[in-house]
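What follows is one structure encoded as C-alpha cells, with my remarks underneath.
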Amino acid sequence: MALSISLVVLLGIIVLILVRTGYQRILPGTAVCLFGFFLASTGIAPTVNSAISSLTGWISSF
C-alpha cells in the first residue's frame with residue numbers, strides 16, 4: 001500500500017511539472033488520468049499491479 005501511495009505522489013508531481021512547463025496541456029492530461037482511472041476498474045488492473053510490483057522489486061534489488 002505504501003508503494004502505491006508514493007508512486008501516485010511521484011506521478012502527480014511529474015504531471016504537475018509537465019503541465020507547468022507547457023509540455024503537457026490540461027485537457028490531454030485529464031483524458032490520460034481518466035483513462036487510468038477507468039483502466040483500474042477493469043479486469044486488467046491486477047495484471048498491471050503485479051507488473052508494477054515486479055518492476056519495483058527488480059529495481060530495488062540493485
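Read the figures in this text as sums done on the coordinates, not as results from a lab. Just so it is clear, the structure is predicted and the values come from calculations on it, not from any experiment. Glycine also receives a Cβ, built like all others from the backbone with ideal geometry; neighbour counts cover every protein chain displayed.
Per-structure values
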quantity: Pairs with Cβ under 9 Å, 6+ apart, first in the range 28-49 and polar (S, T, N, Q), second in a helix (DSSP H, G or I); calculated: ASN49/SER4
quantity: Conditions (1) touching a Gly at 6+ places or on another chain (Cβ under 7 Å); (2) not in a helix (DSSP H, G or I): number failed by VAL19; calculated: (2)
quantity: Any hit, the range 32-51, residues being at positive phi and surrounded by fewer than 11 Cβ atoms within 10 Å (Cβ to Cβ); calculated: no
quantity: All positions within the range 18-31 that are exposed (fewer than 10 other Cβ atoms within 10 Å of the Cβ) and among the polar types (S, T, N, Q); calculated: THR21
quantity: PHE62 of a type in the set (Phe, Trp, Tyr) and either surrounded by 11 or more Cβ atoms within 10 Å (Cβ to Cβ) or outside any loop (DSSP other than H, G, I, E, B) (or both); calculated: no
